[in-house]
Each structure stands twice: as structure tokens, then as C-alpha cells.
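Taking it in order: structure first as C-alpha cells, then the write-up.
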Amino acid sequence: MIDRVLIVDDELLTRQLLMEVVRRQGIDVVDAASGEEAIELLEKQDFQMAFVDMKMGKLNGLDVLRVARQRCPRMLVTIVTAYGTVDQAVTAMQLGAFDFIIKPFSPDQAEILLVKGRQWLQMHAQQEYLQNELVDAGRSMKPIVGASSAITGVQRLIERVAQTRATVLICGESGTGKELVAAEVHRLSDPGGKAPYIRMNCAAVPENLLESELFGHEKGAFTGATERRIGRFELADGGTLLLDEISEISIGMQAKLLRVLQESEFERVGGTRTIKVDVRVIATTNRRLQQEVKAGNFREDLYYRINVFPIQLPALRERGSDVEQLAAHFLSRQATKLRRPLRFSAEALACLRRYPWPGNIRELEHVVERLAILQDGPLIEADHLPPEVREVELPALTMADDPDGESATSFNLREIERQVIMRALASTDGNRTLAAELLGFSVRTLRNKLQEYRDQGALSACV
């Protein structure tokens, strides 16, 4: 966060002491022996921090501070003096000084001020990012709702990887809750809530601005770069960076991203200083990245670099009774907002369960919100549901002739059971776990029955 520091003092020994402290921190430093020289430097170069002597020649420290606040409002200015008084300190703070230090001082005192300055700048940049993003304050606090085996398996993976700093790749269809899972990984990784959590939607950033958004830029780096800007990687230093829809990044930018992931270092656009960061990256995608690699749209080396710990999110149609639980959860939230009781009838919940939800959880949430707004009474019936949700039905079950040649009206219980099992598998797109939940079987029982049908030649070997 601090690339260059300005030292302003008419005493050579003080300048040399401060310059040595700054250089030991790996920071560039420029010195000036007078206020006039300092003001000339402020016109030509960017500084993030300055140590300015109070008592100099024609222009004193407060004069330099006033000019600095006008020309470099983000720069942190520490006033240095051998004649410190309470009145001087108050005046300096009123003019916008960052701190006030009395001569003689030790190198440790100056180093502490540098650390404080770095922390303040990072915190300020993070606050500015959050304000500009206009993020819903409650988004990261949304719970993961559901008790199906499909989602409890995901929760177990979250708990395991949260104990590490491993890169996470979250895959799943649009609307399955990838951002929610990413936020939960970060939350469990940082129980104290002190580490930054920075997000970027790669699909929403124009290609020509993506590099600046990720790595930041220096003043004058390109047309419109009127001031130095901190990128998302710097903002996330010590915490987590979410790269949402990473598959939308161009091949050229993928190469630059790979370097940061491998080396944990980069340069701002228009800059030469290498910046090192400690960032845990979580990436999400709704595409099949292996297919994108084969098609030449995604770098194979980057794919293996981000696929350290993959988490595959199930589609909502694969989560069984979670549909009812999620619908009730969303309806409860709407009831609180609208300040009136709302609930689903059993028939309405059955319709919600049957619908395949191509838009997944996001679609369900929007449908529930619309129902809550339109509903006059407390009970939402099946007739109130949108037609596409209300009219979905499972195919009717047909009777089959038994092996002894009896008519189709005879009950062949084994064949009826087989048809019911096949209907359950069809309605869940072949998901055995969900089909077993629908049937009231264990997964092991369902697997044994399928093997029995194969042995009898009544089932394809690929089912």
C-alpha cells in the first residue's frame, strides 16, 4: 500500500535517519531539505506518506501540510518537530495531519508510524471498495439451507477446506449458490471476521479495465487514470479474493492471473514496483472448464492451478426435499419484510417439488418473492403458483403384462416397483441419492435393485 515516502527536513541527520528506516521496509524514499523543494516534488511524483519537519525556513511544516492536503488528499503526513506543544499538535491534526512525532525519536518509533500508515491505507481502500460496490450488508450472512445428502456433502467440504489456505474452485449451474458457498468458506476461515473478503465478477468488468481492477494502476498509466488506484489483489491481502465466473477472463489475462497465483506477486498497470501479497483465491464458474480447456478457451495450466480443491454444487432439482425447505425459508423472509403471516399449502409445496427449476435457487427465490407480494391472504395455494410451476406433473404409471401372460389389469407388484423406481430416476435426472429419498429407500437398497434388474436383462448396463 505504501510505495513511496517523502522526507522533508532541513536537518541532514534527521533525513538520513528516516530514509534508512523507510528503506529497511523495502519502500522507495525521496528527501527534500526545504518546504519549497517538497512542494515541487509533490507536483511531479505520487507519495503515500510523508514526514515533514515543523520548523524550517520560509515555508514551515504546516505550510507544506496545507499544500499536500490540496494536491495529494490521500497522502498521510506526519509532522516532526523538536519544539512540540499541545497547540501545535491540535493545529496539525485540524489541518489533516496523520500523526505528530517529537524529536529526538528512535527508529522504532518511525517504523511504527509506517506500519500504522500501511494499515490505515489498506483499511481505507477496503472501505471505499465496499461503499462503491453497494453490497447488500446481509448477503454474506445468508445461511446455507437444506438437509439433503447432496448439500450436506457440500457443507462437509466447506468445513474441511476452510481450515486451509488452498485455492478453491466452485462449479455449478447458474443460481445454485456459488457466491454463498464462497462466502461461507471465507467466514469459516476467518472466525474473528478481521481478514478482508473482496469479490469481483469477472463477467461484469470490461476487458480493457480488467487488469486495472485486478492489479490496480498508477497515476497516468492510461487515459483517465488521474490518480493511483489499488487493485482487488492488494485489497484482499491477508484475506480472500473471490473471482466470480473466472471462465469469462480472456486468454491473455489468464496468463497474468496465473503468474499471481503461482508467485503471489504482480505490478500495477503503469508501475515497475513488484508487490507481494498473501491472498486466498476462490474461483467460481458455471461452465465445464475441462471442455473449455479442450476448446482452447481456458489455459490448461491455470485450470490445474485453480482446481486445487473443487466443490461441485448440485442443481436444485437434485436436492429433493430441500426445495420445500428453501421455499419456506424464502417465504419466511418475505413475511418478515411484509409484516404479515404467509405459508404454503401442502399441494403448493408438492408442485414446487415437482418443478425442475432450470434457474435453480435464484429462480425459486424470485418466484417466492413474487407470490408473497401478490398474495392477499396468509395461505399460498397451488392455484396461486405460476402456470409453468403448477402444471408440471410426473408421467402416469402404466401397468405391464406379467410374465405369465395375464392382462394388463392384473397387478404385477415386481413390475410396478420397477416402474416406480425408473420414474423416480427419470424425475431426478438419474440422481440415485435423490431418487432413493423420493422412494424412501436407502441408496444401497436402490443400487441392489438396479443390479437385480440388470441381471434380469430388464435394465441397460449404463443406468
Check: Per-residue accessible area for L18 at 1.4 Å probe radius, Å² rounded to 10?
Finding: 10
Check: For the chain, what is the percent of antiparallel DSSP beta bridges, rounded to the nearest 5?
Finding: 10
Next item on the list: Compute from the Cα atoms of segment 264-360 the Rg and the Dmax, the latter being the longest Cα-Cα distance, and quote both in angstrom.
Entry: 21.8, 65
Next item on the list: Take the Cα atoms of the chain, find their three principal axes, and give me the spread along each one in whole Å, biggest first.
Entry: 113, 52, 39
Notebook entry, point to check: Given Cα pairs under 8 Å that are at least 6 residues apart, what percent is the relative contact order of the chain?
Noted result: 11
Check: How long is segment 1-44 along each principal axis, judged by its Cα atoms, biggest number first, in Å?
Finding: 27, 24, 9
Margin query: Using a 1.4 Å probe on the protein heavy atoms only, what accessible surface does M56 show? Give it in Å² to the nearest 10.
Written below: 30
Check: Can you list the lysines whose alpha carbon is less than 17 Å from that of K337, not counting same-chain residues fewer than 8 positions off?
Finding: K142
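Report, in cubic angstrom per residue, the convex hull volume of the C-alpha atoms of segment 197-251.
82
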Next item on the list: Could you sort out which of K178/K219; K116/K194; K256/K294; K116/K276 sit more than 24 Å apart by Cα distance in this structure?
Entry: K178/K219
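So for segment 1-109, what percent of the C-alpha to C-alpha distances run longer than 21 Å?
The answer is 26 percent, as a whole percent.
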Notebook entry, point to check: Among the trypsin sites (Lys or Arg not before Pro) within segment 323-397, which fall in a DSSP loop and have no more than 16 other Cβ atoms within 10 Å of their own Cβ?
Noted result: R339
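The values are calculated or read from the model by the stated rules, or taken from the named source; none is laboratory data. As the structure is a computational prediction, the values presented were derived from the model and not from experiment. Note that each Cβ is placed from the backbone with ideal geometry, even for glycine, and that neighbours are counted across all protein chains shown. We work out accessible area using only protein heavy atoms, side chains counted, and drop any ligands, DNA or RNA first. Shrake-Rupley method; radii C 1.70, N 1.55, O 1.52, S 1.80 Å.
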